[in-house]
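Worksheet: the structure to be examined is printed underneath.
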Amino acid sequence: MDGILIYIATGLAAYLLGSIPSGYLVARAKGIDIRTVGSGNIGATNVFRILGKPAGCLVLVADGLKGFFACRFVPAVVLEIFRGSSAGIDPANLEITSGVSAILGHNYTCWLKFKGGKGIATSAGVLGALVPWPLLAISLIWGAVFISTKYVSLASIAAAFALPFAAWFWRSRPIMILISAGLGALAIYKHRGNIRRLLDGTENRVSTKNKSETPES
């Protein structure tokens, strides 16, 4: 029973950490409801588009740190709280639970009626804590697709698709490969609107020549 409580406490704490709506808060500090402008998404890309580079970079880093801290610190804190009742608990499994919960918190934040971002930055933070080499591999894929197409969304989708294969290539634990597949599928699902626009030929590219809108990631 104590083991179940430890997993529940870890998941809940990580969810609440991940649910902090960084993009919404940064925009609100400037008097803007980010949900009503641009794409309406609270992620870093929309903040970058509406408020500029400093705000966008701040949100990008904050969202990534949510995932990283969830994996690195939340399990340790929970295990300390339940010290004496945590025999047989695998810290690695707690880290996975925490990472997945943080991503769900970002994507479906309870503070904004369960409407959040697309989880790319938060997922990157989680992967950086759990499987850094696969993260590096898919980051290179993201960069290659983005440079060649100027589509942020397509780069994110390609990286998400490659994630479980990268985890398998670096011989991650079987559970981590399965989790990677799930995270990749969730990221692709969150980009379903972008996929429709890509197929219709209406998705916007990033442009360095003008201020055309940047697709959400």
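Residues that are at pLDDT 95 or above and surrounded by fewer than 22 Cβ atoms within 10 Å (Cβ to Cβ) were ranked within region 150-163; the one that is nearest to Ser39 (Cα to Cα) is Ala158.
The residue that is surrounded by the most Cβ atoms within 10 Å (Cβ to Cβ), counting only those in region 96-106 that are of a type outside the set (A, V, I, L, M, F, W, C) and under 21 Å from Thr45 (Cα atoms), is His106. Would you check if there is a residue in region 25-34 being buried (at least 21 other Cβ atoms within 10 Å of the Cβ), under 16 Å from Lys113 (Cα atoms) and either assigned by TED's automatic domain parsing to the domain that holds Ser156 or of a type outside the set (Gly, Ala, Ser) (or both)? Yes - at least one qualifying residue is present in region 25-34.
The condition of being in a helix (DSSP H, G or I), within 18 Å of Ala70 (Cβ to Cβ) and in contact with a helix residue (DSSP H, G or I) (Cβ under 9 Å, 6 or more places away or on another chain) holds for only one of Gly125, Gly143, Gly117, Gly184, that being Gly125. For region 94-113, a tally of residues being within 20 Å of Ala9 (Cα to Cα) and either within 10 Å of the chain's Cα centre (by Cα) or not in a helix (DSSP H, G or I) (or both) returns 10. Taking the numbered list (1) farther than 26 Å from Ile4 by Cβ; (2) assigned to a loop (DSSP other than H, G, I, E, B) in turn, Arg83 passes all entries but (1). Looking only at region 164-203, filter to residues that are among the polar types (S, T, N, Q) and buried (at least 18 other Cβ atoms within 10 Å of the Cβ); which one of those is nearest to the chain's Cα centre (by Cα)? Residue satisfying both the conditions and the ranking: Ser180.
For Val206, the criteria (1) buried (at least 16 other Cβ atoms within 10 Å of the Cβ); (2) modelled with pLDDT of 95 or more; (3) of a type outside the set (Ser, Thr, Tyr) hold in every case but one, which is (2). Among the residues of region 6-40, those that are in a loop (DSSP other than H, G, I, E, B), of a type in the set (Gly, Ala, Ser) and either at negative phi or modelled with pLDDT under 95 (or both) comprise Ser19, Gly38, Ser39, Gly40.
Taken over region 50-94, residues that are buried (at least 22 other Cβ atoms within 10 Å of the Cβ) and of a type in the set (D, E, K, R) amount to 2.
Selection of region 107-136 for residues being among the small types (Gly, Ala, Ser) and either within 24 Å of Leu198 (Cα to Cα) or crowded, with 22+ Cβ neighbours inside 10 Å (or both) yields Gly116, Gly117, Gly119, Ala121, Ser123, Ala124, Gly125. Checked against the criterion of being at positive phi and either in contact with a Leu (Cβ under 8 Å, 6 or more places away or on another chain) or at pLDDT 95 or above (or both), the candidates Phe73, Phe82, Phe114, Phe69 yield just one match: Phe114. Of all residues in region 49-74, those that are in a helix (DSSP H, G or I) have Cβ atoms under 7 Å from Cβ atoms of residues that are among the acidic types (Asp, Glu) and modelled with pLDDT under 95, 6 or more apart or on another chain, in Arg49/Glu213.
The values are calculated or read from the model by the stated rules, or taken from the named source; none is laboratory data. Keep in mind the model is a prediction, meaning the values are calculated, not measured. When we count neighbours, we look across all protein chains shown, and the Cβ atoms used for this are built from the backbone with ideal geometry, even at glycine.
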